[in-house]
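Remarks on the structure that follows.
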Amino acid sequence: MAIKSILIIEDDRFIGEMYVRSLKKDGYEVDWMVDGNDGLVAARNKQYDLMLLDVMLPERRGTEILEILRNGKEDLIPNTRVIVLTNFEQDDESRSAMENRADAYLIKAEITPKKLISVIHDLD
């Protein structure tokens, strides 16, 4: 399945704008939400091929969003790949739980837009 549409849930305006600009330039259709509640609503209301999900968000944390959308009993986004992006150090148990529900787990400080696009191409 080719990745065409991407939902970014990221509250950092600089990072969000940088990702939106880079991804659109690479030909993706991109929607961007800056808080967890809006991100959850968007993920439920529209089918995306990929979600870039920050962990530390206002209103609702990324871990909670991922738990709601992929709760084990029912995957509400079965055709959506998920990349978790964070600068927040997770304890091993939390990180493991997120990695089990996500397709990739990246540290924001280590990811340039070019590297992010490369990771997306690898998921494609």
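Quick notes on this structure:
- Scanning region 34-86 for residues that are out of contact with any strand residue (DSSP E or B) (no Cβ under 9 Å at 6 or more places or on another chain) and among the β-branched types (Val, Ile, Thr) yields one hit, ILE68.
- Qualifying residue in region 26-37 (condition: without any contact (Cβ under 8 Å) to a residue 24 or more places away in the chain and not hydroxyl-bearing (Ser, Thr, Tyr)): yes
Rule-based calculations on the coordinates, nothing more; no lab input. Given the structure is predicted, the values throughout are model-derived calculations rather than measurements. Here Cβ is always computed from backbone atoms with ideal geometry, including for glycine, and neighbour counts include all displayed protein chains.
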